[in-house]
Amino acid sequence: MTEINFENVNQVDIKKLASNPDFGALNFNEILGLLEKIQSIFKELDELNYSEKLPEHDANIISQKKQDFVKLLLQIGNFTVSQENAPNVRNNIIDQTKNLHKEIFNQFITDLVFLRQEVAFESKDEKNLQEQQKELSKLIKETKAQKEQLQKEIDEFKSKKKQEELEHGEYAVTQLAHHFAQQANDYTKIAEGQHIDYKKIKGNYKKILKKIFRKGGWLKKRALFFWALFLIIIINIVVYIKWRDSFDRDSLIAYGIVKVALILLLYYGMHFSSRNYYIISNLAAINKHRKNVAQTLEDFIKTNPDKEILNQMLMEGTKAMFRNIPTGYNSKVDQDENPITEIVNNIIKTNKNG
């Protein structure tokens, strides 16, 4: 890229710079006309020798804006589609161009009128003066129309951008709410299981056990292990009381070892099921909480809030969504509570309530 500076900015090929094929869809053709117009104004100001004929304060303002134009062209020249946040950088350059064009037309019209009149008087060419005056009048009209059109485009762009941001935010939180609701439902099914209609399989214990292990969830599996353990203990007590005299010492020891092994196996199954139930229930509770936060954000976005308030709400909502919250299940997993004690307590509570 040819070096762009304060001295050669009027000779820069604006079209070649803005329509660089390397930019692809992110080119600057949208503001090509504005850039060429700005360049033509600075070119005319230089030709009219503004630095010598205008007061120092006014000349310094023009020089500063010209330097801003140089910086703007350098940004375009250094722009690459592979840089970070390229679309945002491009949009920022476009906004800067529109603002600079607006400022130049608002501030330099009077200076241009004065300089053109000075040229006309110095040449003493009345005809040329009249032409300059006509051109100035035309320029003022064009400038006014362009200013109104530019303001209209800026307002439409801001409105469209805000609407797109709201629609995008609403779609995102809606998807999050749906995702977390589905996750919570899936975890609840794994923890508590699906409904089992025991009436249809009444008496068929093989089918009942199969249903519990397939659809019962960890809660029903834990209950199954508990009642099996309870039943084994009761049967052993009855057998021992009624037929204890029939067993010799070796048979009693062997029988005891087998029963202890069976009881330990059932206890392990019950403990394993209980722990998994709490872990999965904790995940279900967390996802329900996240779903509620996402739905709250969705309702808030539909009110079309101010952008600053919206950003603050989204930030706080994200913190609330992924904060580590106590659910009642995670503490029980950490404590590793004895499942027998817990089930017995639940049975006592159920009987009292009944």
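The values are calculated or read from the model by the stated rules, or taken from the named source; none is laboratory data. Since the model is a prediction, treat every value here as computed from it, not as a measurement. Every residue, glycine among them, receives a Cβ derived from its backbone with ideal geometry; neighbour counts consider all protein chains shown.
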Yes/no for Glu122 being surrounded by fewer than 16 Cβ atoms within 10 Å (Cβ to Cβ) and modelled with pLDDT under 70: yes
Index of the failed condition, Gly193 passing every other in (1) surrounded by 12 or more Cβ atoms within 10 Å (Cβ to Cβ); (2) over 30 Å from the mean Cα position of the chain (by Cα); (3) at pLDDT 70 or above: (3)
Residue match in the stretch 253-268 (condition: at pLDDT 70 or above and within 28 Å of Ala181 (Cβ to Cβ)): no
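So, in the stretch 64-79, exactly how many residues are under 12 Å from Ile104 (Cα atoms) and in contact (Cβ under 8 Å) with a residue 40 or more places away in the chain?
Residues that pass the stated criteria total 3.
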Residues that are of a type outside the set (A, V, I, L, M) and part of a loop (DSSP other than H, G, I, E, B), drawn from the stretch 63-116: Phe79, Thr80, Ser82, Gln83, Glu84, Asn85
Tally of residues being loosely packed, with under 13 Cβ neighbours inside 10 Å and in a helix (DSSP H, G or I) across the stretch 37-60: 6
Any hit, the stretch 297-305, residues being within 20 Å of Ile190 (Cβ to Cβ), assigned to a helix (DSSP H, G or I) and modelled with pLDDT under 70: no
